[in-house]
Amino acid sequence: MSRIGKKEIQLPNGVDVKVENGGEFGYKKVTVTGPKGTLTQSIQRGVDVKQEGTTLSVVRDSDSKQDRAFHGLYRTLISNMVDGVVNGYKKELEIVGIGYRAEMQGTKLVLSVGYSHKINYEPPAGINIAVADQVNISVDGADKQLVGEVAAKIRAYRKPEPYKGKGIRYKGEKIRKKSTKGASK
């Protein structure tokens, strides 16, 4: 039995979970609603979600390799959904480099990171982007995967380079700098 899969998920106050059959292929649909929004996850055959009062448990139908693999996965995904609709998730980015800056124009993020043009990024629904000052960006939302994906996409516009460390990085990320040709003897 999966150590992660057999843990129960405690539902906080104000969180509503609905499990419904998804259709002809045997998929189920789990919908979690809370103060920060609504998230939905489809679950494959072989794994089932049971709700008893304020606890959720994920059980599998058989001991097949695929069912064992999905058991812990779906338990973690549902747990992240419950945590996301209650607390939300947040990633912070920082911009390093002379002349590099970010600003918000409405809901669009506008980046000036050393290219001949500015980069306009429109975040997907459910994601909030805030620029505290010109070099600190915070990405937050209820969906953990989507928050990480948006933060990675913003970072990919100008990854930190290894010689001076200029670029967009996660807050607290350590960049290993290379020595230049003149420094090695």
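Using only helices, what value at 222 nm comes out for the chain when you add -39,500 (n - 2.57) per DSSP H run of length 4 or more and divide by the total residues, to the nearest 500 deg cm²/dmol? Numbers along the way, then the final one.
Working: 2 runs with 35 residues, N = 185.
My calculation for the chain gives -6500 deg cm²/dmol from helical runs alone.
Note on K171 and Q66: with the Förster distance fixed at 35 Å, the Cβ-Cβ geometry gives a FRET efficiency of about 0.35.
Quick check on the exposure proxy: order H117, H71 from fewest to most C-beta atoms within 10 angstrom.
The most exposed by this proxy come first: H117, H71.
Of [x] 9, 35, 33, 19, 4, 0; [y] 9, 28, 24, 20, 15, 4, 1; [z] 6, 16, 18, 21, 17, 13, 5, 2, 1, 0, which is the value of P(r) over Cα pairs in 10 Å bins from 0, in percent derived from the coordinates here? Only one listed value fits the structure, namely [y]. To the nearest ten degrees, helix 144-156 and the longest principal axis of the Cα atoms of the chain are 20 degrees apart.
Rounded to whole Å, give me the distance from the Cα center of segment 120-141 to that of segment 3-44. Each part's Cα centre sits 27 Å from the other's.
May I ask for the angle, rounded to the nearest 10°, between helix 65-86 and the longest principal axis of the chain, with both axes built from Cα atoms and the value confined to 0 to 90°? Long axis of 65-86 versus the principal axis of the chain: about 70 degrees. For a 29 Å ceiling on Cα separation, which of these pairs sit above it: K50/K108; K36/K164; K28/K144? In this structure, K50/K108; K36/K164 lie more than 29 Å apart at Cα. Per residue, the average separation of C-alpha pairs within less than 8 Å and at least 6 apart gives segment 9-86 a relative contact order of 30 percent.
Relative to the Cα centre, what is the charge dipole magnitude of segment 89-170, using +1 at the beta carbon of each Lys and Arg, -1 at the beta carbon of each Asp and Glu, and rounding to the nearest 20 debye? Write out the running numbers ahead of the final one.
On the way: 13 positive and 9 negative charges, 62 e Å.
Dipole size: approximately 300 debye.
Averaging 1/r over every pair of different alpha carbons in segment 1-59 and inverting the result gives a Kirkwood radius of 12.3 Å. Between segment 57-118 and segment 154-185, the C-alpha centres lie 23 angstrom from each other.
Modelled spin-label separation between I119 and S42, with each label point placed 7 Å from Cα along the Cα-to-Cβ direction: 3.2 nm.
Every number here is computed from the coordinates shown, using simple stated rules; none is lab data. This one's a predicted model, so the numbers in the text were calculated from it and none came from an experiment. Ideal geometry is used to build each Cβ from the backbone, glycine not excepted, and the neighbour counts take in all protein chains shown.
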